[in-house]
Amino acid sequence: MSTLATALAQIEAADLKNIEAAGSAGFAYGLAAIGPGIGIGYLVGQAVQAMARQPESAGQVQTTMFLGIAFTEALALIGFVVFILLKFV
Amino acid sequence: MTVDVNRENPLLSRFEGRSPAMQVGIDIVKRGAIIAPVAILVGTLIWGTDGGASVALGLGLILVNMWLSAWIIDVTARISFAALAGGAMFGFLIRLSIISAVVISVRNVSWVDLVALGITIIVTHLGLLFWELRYISASLAYPGLKPGAGLASNDHSTSPKESVSS
C-alpha cells in the first residue's frame, strides 16, 4: 500500500493531466462508437425483417440498408477523428 | 438477382447473384476514384505535399472501407438473411478496427498530417455518400427514370423465387 502511495506521489501534475486527457479521449471515442453500434444493429434488424416479410422488395431494402449503415458509421468515424485530433495533435 | 425465399424460416432466405449493396459500393468506389486527383490537389494546395499524401491515404481508407462493407454484405446475403445481420454488425466492428489500426500506426510517420487525414476521412465519407444518395434516391423514387449514365447499373428490383427447403 505504501509502495502504491509512493508511486502515485511521484506522478507529476503534468503526467496526471496527460493520463486524464488520454483516458477522456478514449472514453469519448468509446461513447461515440456505442451509438452507431446500436443504430446499425437496429437498422439491420429491421431491414432483415422487412426483407423476410417482402422478398420482392429485398433489393430496395438492401440498398437503403447499405446507405443507412454507411451514414450511421459516419458518426463513429467523426468520433474517431475527434479522438485522434484531441489525443495526437 | 433473385431472392431464394424460405417460407419455413424466412431468416434462412438468401440472395442469389450480385447484391445491390455491392453495386452501390462499386459505384461509390468509382466516384471516389473520379474525385481522387482533385482531392489530392486541394490537399496539396492547403497543407503541402504531406497534406496531399495524407488526403490520398484518407481517401484510400474510405474507399477500402466502402468496398469492404459492400463485400461483406454481398457475401453474407448469399448465405442467409441471418448471416447478413451478423455480417453487418461484425463488419462494422472489423472496419472500424482497421481504420483505427491504420491511422494510429501511421500517426508518427513524417509525411502524415493528422488534421488533413481526419478532415479527409469525414468529408470524403459523407461527400461520397451524399453523391451516391442522389442517384439512389432518384432511382428508388422514379424506377422508370434513369437520370444519368450512373444509373445504368442501379436497377434494384428483385424477383423472389420460391424454394421451401428445410
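Any read-out appearing in this document is the output of simple, stated calculations on the displayed coordinates, not a laboratory observation. Bear in mind the structure is a predicted one, so any value in this text is a computation, not a measurement. Quick reminder, even Gly has a Cβ in these numbers, built from the backbone with ideal geometry, and neighbours come from all protein chains shown.
Think of the protein assembly as shown as having a plus end and a minus end, set by charges on the Cβ of Lys, Arg, Asp and Glu; of A:TYR42, B:ILE94, A:ILE11, A:TYR42 sits farthest toward the positive end of this dipole. Modelled spin labels at A:ALA5 and B:LEU45, positioned 7 Å past Cα toward Cβ, are 6.4 nm from each other.
The angle separating the long axis of helix A:13-53 from the principal Cα axis of greatest extent in chain A is about 10 degrees. The mean number of partner chain beta-carbon atoms within 10 angstrom of a residue's beta-carbon across peptide A:24-36 is 1.
Less than 13 Å Cβ to Cβ from B:GLY127, Lys/Arg counted +1 and Asp/Glu -1: what total charge do the surrounding residues give?
Local net charge: +1.
Listed peptides A:68-79, A:16-27 appear in the order A:68-79, A:16-27 once ranked by packing, highest mean of other Cβ atoms within 10 Å at the front.
Exposure proxy for B:LEU57, B:LEU126: other Cβ atoms within 10 Å of each Cβ, ordered fewest to most, give B:LEU126, B:LEU57.
From the Cα gyration tensor of the protein assembly as shown, with a ≥ b ≥ c the square roots of its eigenvalues, which class applies: rounded if a/c is under 1.5, or else prolate if a/b is larger than b/c, or else oblate? It is oblate, given that a/c is not under 1.5 and a/b is not larger than b/c.
Given Cβ point charges of +1 (Lys, Arg) and -1 (Asp, Glu) and nothing else, what value in debye, to the nearest 20, does the dipole of region B:1-135 about its Cα centre take?
Working: 9 positive and 8 negative charges, 17 e Å.
Rounded to the nearest 20 debye, it is 80 debye.
Extending 7 Å from the Cα toward the beta-carbon at both A:ALA22 and B:ASN9 defines two label points whose distance is 4.7 nm.
For region A:9-89, the relative contact order comes to 44 percent (Cα pairs under 8 Å, sequence separation of at least 6).
Eigen-decomposition of the gyration tensor built on the alpha-carbon atoms of region B:16-136 gives equivalent ellipsoid semi-axes of 29, 17, 9 angstrom, largest listed first.
Protection proxy ranking for B:48-55, B:93-100, using the average of other Cβ atoms within 10 Å per residue and placing the highest first: B:48-55, B:93-100. Counting Cβ atoms of other protein chains within 10 Å of each Cβ in A:76-82 and taking the mean gives 6. Per-residue mean of foreign Cβ neighbours for A:42-55 is 5 (Cβ atoms of other chains, 10 Å radius).
For every other residue with a beta carbon closer than 13 angstrom to the beta carbon of A:LEU85, add +1 if it is Lys or Arg and -1 if Asp or Glu, then tell me the sum. Mind dumping the intermediate values first?
Values: positive: A:LYS87, B:ARG107; negative: B:ASP113.
Around A:LEU85, the charge tally is +1.
When you count the other C-beta atoms within 10 angstrom of each residue and take the mean per peptide, A:30-38, A:2-10 line up highest first as A:30-38, A:2-10.
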